Every structure is written in structure tokens, then in C-alpha cells.
1. Assigned to a helix (DSSP H, G or I), in the same structural domain as PRO369 (by TED's automatic domain parsing) and not basic (Lys, Arg): is that true of PHE410 in this structure?
2. Criterion first (within 24 Å of GLU541 (Cβ to Cβ) and either aromatic (Phe, Trp, Tyr) or modelled with pLDDT of 85 or more (or both)) does ALA469 satisfy it?
3. Looking at this structure, is VAL423 within 21 Å of GLY387 (Cα to Cα), touching a Pro at 6+ places or on another chain (Cβ under 9 Å) and among the β-branched types (Val, Ile, Thr)?
4. Taking the condition part of a loop (DSSP other than H, G, I, E, B), out of contact with any Cys (no Cβ under 8 Å at 6 or more places or on another chain) and not aromatic (Phe, Trp, Tyr), does ARG371 pass?
5. For region 85-125, name all the residues that are crowded, with 18+ Cβ neighbours inside 10 Å and farther than 22 Å from GLN146 by Cβ.
6. Looking only at residues that are among the hydroxyl-bearing types (Ser, Thr, Tyr) and more than 16 Å from ILE164 (Cα to Cα) in region 41-75, which one is modelled with the highest pLDDT?
7. Kindly establish whether ARG417 is of a type in the set (Lys, Arg), over 27 Å from ILE508 (Cβ atoms), under 34 Å from the mean Cα position of the chain (by Cα) and part of a strand (DSSP E or B).
8. Among the candidates ARG111, ARG105, ARG117, ARG95, which residue alone is touching a residue at least 24 places away in the same chain (Cβ under 8 Å), in contact with an Asp or Glu (Cβ under 9 Å, 6 or more places away or on another chain) and not in a loop (DSSP other than H, G, I, E, B)?
Amino acid sequence: MTSSAPETTEQTQSKPTIATLRRLVPFLAPYRNRLVLAFVFLCIAAASTLFVPAAFRELIDHGFVQKAGSTGRIDLYFLGLFGVACVLALSTAARFYMVSWLGERVVADIRTAVYTRMLEQSPEFFESTRTGEVLSRLTTDTTLIQTVVGTSMSMGLRNVFLFIGGLGMLAATSLKLFVITIGLLAFVVIPIVTMGRRVRKLSRASQDRVADSSALAGEILNAMPTVQAFTQEAIEAARFSESVESSFFTALRRTKTRAWLTSIVITLVFGAVVFVLWLGANDVIAGTMTPGTLAAFVLYAVIAAGALGALSETWGDAQRAAGATERLIELLDARSFVSSPAHPKPLPQTSTAVKGAAIHLEHLQFHYPSRPDTAALSDYSLSIAPGETIALVGPSGAGKSTVFQLLLRFYDAQAGRILFNGVSITDLALTDLRSQIGIVPQDTVIFSADALENIRYGKPDATEAEVIAAAQAAQAHGFIERLPQGYKTYLGERGVRLSGGQRQRIAIARAILKNPPVLLLDEATSALDAESEYAVQQALEAAMQHRTTLVIAHRLATVQKADRIVVMDNGQIVETGTHAQLINQNGLYARLASMQFGMAPIAEEN
């Protein structure tokens, strides 16, 4: 995934802008009826605009030369003009509503599609992609696309119609002046093409800098206690200021380029129009052209010139939207290396007598994508019987948490396989596999919701009584009841209103509520005091009955009752046995045990 993203970006950038914006077509296709209506109203509005100069020509050449007292014809012309204005107003309003609705709807669909795709990614994706950058693309970049779909696209088409229609009416009004005008306007295309390419590159760079700032801010705001504890506020403020300034100057270069482009186009267009009008005025004086014809030609020239000038602005918006589309398409095109098979096998049924599942890890070889030269697991094999409790112990970096990651299929091993009740987990749907596994992670995740919903995350359809029962089993009911609103108390972002031990008991309650056949406990009692640890340990022991359980613990006192203790080091199993057997072997486990029970501190985290 890491290596493919830059290639995707480069390939996308090599395409012309229109090709990039075509990637929005699938999001517009479901609303083709509204697109057609918007197009119809747009055509009516453009045609009404082009009809105005012709009406003025008739008004000047015929309406103002009526005899005294004969006002019928001039009244008719003015009524006609008012009717055209009404049609123009109604069609413009209808077009605006339609395209605005499309812009809002398409952006909502894109945000949903991108967010859904991000939920499908394995942790490997987020090793190289910052969440702050993803959030920036979901907000800033989709807003740019909304501008194009909801405004610029419609205005661009309208101005294209006006420009082409204006040129056609110019030719019909005076072929001589039209030919001269076309020759002069040809020079306008050159700056639009050359400077437009530079605008696109600067737009992409500007959006990248904004994403960098968002990612930096998100990272630091999520680590405020650490920042403040180390008194790094001034340094972090300076870092963010530097990032914002970089974004500002990149945007300034883009703005200058667009300003120059607009200025050059307007100057060239209206310079050409003035020159052509000078020629037309001489024809009127010479009697080869009527005043009404010249007036109509002037209005058509203004319409065509104004449309071309507006197109330069729209082109700039399209360039920015192209850059935004590129970045969003990169996320939409991201494919997780871990996915459900096209035809998954049915989930193996667990025994009615023993609720746990049989798990077999066979000759696993695994390297994390970010560390391809270091084996996290090497020829790793382990068989776990249904209902058995296995404790994984060992120094930091031994690969204990990696076993959990592979069991949950957050990653796939490069070699070997994992069997769940005799079926390879790669043959199972991810949702089926993970529905059978409950986990209590070391880094507890608490969502921005109340206590009830945080526990219910383990089983969304659980009743309130079931939630309370799970909380009681996890020794969490007491402190939850003492919260201001009890189970309805909002816990704050990442559970900032709770202590570390309270957060961990919420996570344990969540796993108990899920009631899976397999439990993964990653230092499930590490944040608890001695009294709470004892109470939770009793609850966990009850929850582990008739379930396959894997426990990671650095405090060896918590794993002595395991059926087997698997000692790991450097991604391999070095010892296996009960606590007494491993002590007698006088190996790595015995050394770790002597250090802990002898009160010698051992600082390890996995």
C-alpha cells in the first residue's frame, strides 16, 4: 500500500484536468434526471440571454422610427423584452437550485464513500497515511468539489453556451467583424493554457500543505497532556505556525498566478472588443451597417467576452477541483491487502459442550510492512484447544501483540496459515471471523458517547439490562453508578473524564457483553490498582470459562493460572509449560519471574 500510493498520484497527475474530473461521473450518474433538468434550464437561460441583443436590434432599427402617435410596435418590443427577462429569471433560479442540490448531494456521497473505504483499510494503510490528512481530504477537498459541481460546472457550461452562441450570433450579425474578432481572440487561448497548467500544480501543492497542517494539529491536540507535561506548547505552536505559513505562501503563489491569468485574459478580450467596435463605428458612419446591427454586435461581443473572461475563473476552479479529486480518488482507489474472500466459507460451528474455538497457528512468518527486514514472527507454530487458556509472555518486541494482530486478520502473514476450527481464516469473511473474537486492548478506546453506548459497542442490540450485567461482571457498575448521570454520563473524547482503570473496566465490560468464543486479553488489568485488579481478575476468570483465551501479561502473577504459558523471544517460542514447569527449567521465564518477584523493576511494554 505504501508503495502504490505515490504511483497512483503520479499517474493521476499526468492526465488532463477533464480526465480527472470524469472520475466524478459515477457520483453524478444516479442523479441524471436532475442533471437533465439543470441542463434544460441552463439552455433556456442561455438562449434567453442571447435573444436580448436581437430584440434590441429590432427595437433600435424599427421601434424608434415609428411615426408620431404610433406606439403599438414599440410597446410590443418592450413587452417582449420584459417577457424574456421573466423567462431568464425563472430558468436561472431553477438552474441554481438544481445544481446546488447536486453539489450538496454529490459531496455527501463522496464523503460517505471515502469514509467507508477508510473503514475497510487494514492498519497497514495507516502506517503511511496520517488520519489528519484523511480528515483534510474529507473536508477541504470535498468543499472544492462542491464548488465545482454546485456552481462552477453550471456556470462553466452556461458561459460555454454563451460564448459559442455569442460567436454564432456575431457571425450572423456581421461576418466581416466576426472574422476579425476571431483572429484577435485566438491570442487569448495561449495564456489560458500555459498559466492554467501552473495553477493546477500550485492548487495540488496548496491542498497538500493544508492537509499537513490539519494532520499536525490533529496529532498534537490528541496528545495535549503529554505536550503540556513536557512544556512543549511554545514549540508545538511554532511548528504549527510554520506549517500554516507554508500553506499560506503556497496558496499565495496560486492566487497570484490566477490573478495574472484573469488580468491578462480580460485585457486581451476587451482590447479586441474595443478595436472591433471602432471598425463597426466606421461602418455605421459609412452607411454599410445600421445602428441597431452595431448595437446588437456590441452586446453579442460583450456577452462572448464576458463569457470567456468568466471561463478563465471557472477554469481556475476546475484546476483546484482536479487537484482535490486526485487526492480523494487516491483514497477511493486504496485497496486493503486484507479483505474477505470473494466466496467465503461458512463460519465453523463451535462445540455445544465447549464454547471455545480450536486455533492452530502453523509455521507463521511475518514482517510488518514498515519493517520489512525484521521478522516479527519466525516459523511460529502454536495449537490451542477449545476452551484452553494460553498466556503469552516475553520481553518487549517478542511478537506477542503480533499474534493478536494476525488472529484478527489486521495483517496477513507472508507464510504459514491460521486455522479457526479447522478452516483457514483467509477463507472466512472478516466480519464472521472477528465476530467470534473479543479483545481487551492495552490501549483502551473510549468513544465520545455515554457509558451505556460505550459498553453496548460490543453488542449494539443489547438491552440496558444486559449492559448493566456486563458492567457488573467487569466490576464497572459501581463507579458508573456514581457518575453524574450514571450510565447516561458523557465520558468525553477518548474517555478523558475517567481514570485509566475505569477506562479499562469499560473495555472489559464491552468484551464480556460481546460474549465471543475467543477472548484476547492484552494487559487487560495493567491500569488497575491492586484491589480493582483482584476484582476484575475474578470477573475475567468467570468470563474465560468454556472459552478459548489468549492473555498477554508482563506481570507474571496474572498468568500463573493459565493452562499453558508460552514464552516468546524475537518472534519465536522459546519455552512452553505451566508456571511450575517453567520455573524448574530455569530459562527466560524463570529469569523474568525472579526479577519481578524479587522486586527488581522490569520496564516492558508491548
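1. Numbers: assigned to a helix (DSSP H, G or I): no; in the same structural domain as PRO369 (by TED's automatic domain parsing): yes; not basic (Lys, Arg): yes.
Answer is no for this residue.
2. Working: within 24 Å of GLU541 (Cβ to Cβ): yes; either aromatic (Phe, Trp, Tyr) or modelled with pLDDT of 85 or more (or both): yes.
Criteria met by ALA469.
3. Values: within 21 Å of GLY387 (Cα to Cα): yes; touching a Pro at 6+ places or on another chain (Cβ under 9 Å): yes; among the β-branched types (Val, Ile, Thr): yes.
The answer is yes for VAL423.
4. Values: part of a loop (DSSP other than H, G, I, E, B): yes; out of contact with any Cys (no Cβ under 8 Å at 6 or more places or on another chain): yes; not aromatic (Phe, Trp, Tyr): yes.
Criteria met by ARG371.
5. Across region 85-125, the qualifying residues are LEU88, SER91, GLN121, SER122, GLU124, PHE125.
6. Taking region 41-75 and keeping what is among the hydroxyl-bearing types (Ser, Thr, Tyr), we get 48-49, 70-71.
Those left that are additionally more than 16 Å from ILE164 (Cα to Cα): 70-71.
Values: SER70: 49, THR71: 55.
Only one residue tops the list, namely THR71.
7. Numbers: of a type in the set (Lys, Arg): yes; over 27 Å from ILE508 (Cβ atoms): yes; under 34 Å from the mean Cα position of the chain (by Cα): yes; part of a strand (DSSP E or B): yes.
The answer is yes for ARG417.
8. Working: ARG111 fails: in contact with an Asp or Glu (Cβ under 9 Å, 6 or more places away or on another chain); ARG105 fails: in contact with an Asp or Glu (Cβ under 9 Å, 6 or more places away or on another chain); ARG95 fails: in contact with an Asp or Glu (Cβ under 9 Å, 6 or more places away or on another chain).
Going through ARG111, ARG105, ARG117, ARG95 in turn, the sole match is ARG117.
The values are calculated or read from the model by the stated rules, or taken from the named source; none is laboratory data. All figures in this text were calculated on a predicted structure; none of them were measured in a lab. Quick reminder, even Gly has a Cβ in these numbers, built from the backbone with ideal geometry, and neighbours come from all protein chains shown.
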